[in-house]
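The values are calculated or read from the model by the stated rules, or taken from the named source; none is laboratory data. On a predicted model such as this, the values are computed, not experimentally measured, just so you know. Cβ coordinates were reconstructed from backbone atoms using ideal geometry, including for glycine residues, and neighbour counts include every protein chain displayed. The protein model used for the area step is the full one, side chains on, heavy atoms only, and it has no ligands, DNA or RNA in it. Shrake-Rupley method; radii C 1.70, N 1.55, O 1.52, S 1.80 Å.
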Amino acid sequence: MDFKRKERYSVEDLLKIMEILRSENGCPWDREQTHQSIRKNMIEETYEVVEAIDRQDPVLLQEELGDVLLQVVFHSRMEEEAGRFSFDDVADGICKKLIERHPHIFGDVVAADAEQVLKNWDAIKKQQKGQDSYAQTLADVPNVLPALMRASKVQQRAARAGFDYENIQQALDDLKSELQELSSALKAGDSKNAGEELGDLLFAAVNVSRFLKLDGEETLTAATEKFIRRFTRVEQLSAQKGVDMKTAGIDALNDLWKQAKQDCHS
């Protein structure tokens, strides 16, 4: 095998290792993988990077970034074997994109603040993608993104076209309106319409979070973690009081929930 072990490796070594693994005499598992078969791996590794960031763990972050880089190299190698592009082409493409979309650094455009930078970025991106309408920029948001994240991005792009509330109160009013429409659908026994109205309610909630400058995904994650903490406390209290949660009834459980909220302080 044409590979020499080292004390420290580089990106070039990683590319060589992947070439070896995908070669005729390489690893049987690595050889049989396709873009589709390892698609979910990219998603999982990305979320593990996010977790490392949230935990403020630089050691774990370094490891998880390596796992994401492996996915990039893996997919690039498949394309190189097919003769379409290589890892170098990927690097070349992102370098050119960064240079083109930072004319205030690599050109003579002036951008006094971060807001102007983003406006320039969006304008250049729209031109490069041949988008001649704001509707096209909305449709360009990947539908595989988490729903709350996609909703926020779509709303942000619509807002750049001037299609937005004037203030958060209008967003709150719309949220209340959607809740009323959901209630009406439920009272009418219209389950199909209720599903549509629930979607509208969630979309409206994302609008509120956007006006609060909060990330919907992060906000919901925090709420879920809070629920887990309180539920854990309810279970502990149930055990202490000899209460069977499955048969106690909602009133008794609500009392325990109130106690759990006081005990958890969040």
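Of all residue pairs spaced 6 or more apart or on separate chains, those with beta-carbon atoms under 6 Å, a first member in segment 102-131 that is over 22 Å from Arg157 (Cα atoms) and without any contact (Cβ under 8 Å) to a residue 24 or more places away in the chain and a second member that is open to solvent by less than 50 Å² (accessible area, probe 1.4 Å) and not in a helix (DSSP H, G or I) are His104/Ala111. Report yes if Asn167 is over 30 Å from Tyr47 (Cβ atoms), surrounded by 15 or more Cβ atoms within 10 Å (Cβ to Cβ) and either at pLDDT below 95 or of a type in the set (S, T, N, Q) (or both), otherwise no. It is false that Asn167 is over 30 Å from Tyr47 (Cβ atoms), surrounded by 15 or more Cβ atoms within 10 Å (Cβ to Cβ) and either at pLDDT below 95 or of a type in the set (S, T, N, Q) (or both).
On the basis of being closer than 30 Å to Lys119 by Cβ, among the hydrophobic types (A, V, I, L, M, F, W, C), open to solvent by less than 60 Å² (accessible area, probe 1.4 Å) and in a helix (DSSP H, G or I), does Val234 make the cut?
Working: closer than 30 Å to Lys119 by Cβ: no; among the hydrophobic types (A, V, I, L, M, F, W, C): yes; open to solvent by less than 60 Å² (accessible area, probe 1.4 Å): yes; in a helix (DSSP H, G or I): yes.
No, not satisfied.
Give the residues of segment 150-164 that are open to solvent by less than 70 Å² (accessible area, probe 1.4 Å) and in a helix (DSSP H, G or I), sorted by residue number.
If we filter segment 150-164 for residues that are open to solvent by less than 70 Å² (accessible area, probe 1.4 Å), which is where we start, we get 151-152, 154-155, 157-159, 161-162, 164.
Ala151, Ser152, Val154, Gln155, Arg157, Ala158, Ala159 - these are the residues of segment 150-164 that are open to solvent by less than 70 Å² (accessible area, probe 1.4 Å) and in a helix (DSSP H, G or I).
Within segment 57-92, the set of residues being basic (Lys, Arg) and either within 16 Å of Lys16 (Cα to Cα) or within 20 Å of the chain's Cα centre (by Cα) (or both) comprises Arg77 only. Give the residue that is farthest from Thr224 (Cα to Cα), with candidates limited to residues of segment 240-254 that are surrounded by 13 or more Cβ atoms within 10 Å (Cβ to Cβ) and out of contact with any Leu (no Cβ under 9 Å at 6 or more places or on another chain). Checked segment 240-254; the qualifying residue farthest from Thr224 (Cα to Cα) is Ala252.
Yes or no: Tyr9 in a helix (DSSP H, G or I) and among the aromatic types (Phe, Trp, Tyr)? Answer is no for this residue. Identify, by number, the condition in (1) of a type in the set (S, T, N, Q); (2) surrounded by 12 or more Cβ atoms within 10 Å (Cβ to Cβ); (3) under 22 Å from the mean Cα position of the chain (by Cα) that Asn143 doesn't meet. Going through (1) of a type in the set (S, T, N, Q); (2) surrounded by 12 or more Cβ atoms within 10 Å (Cβ to Cβ); (3) under 22 Å from the mean Cα position of the chain (by Cα) one by one, Asn143 breaks only (2).
Would you call Phe203 in a loop (DSSP other than H, G, I, E, B), open to solvent by 60 Å² or more (accessible area, probe 1.4 Å) and within 27 Å of Gln131 (Cα to Cα)? Here the answer is no, as Phe203 does not meet what is asked.
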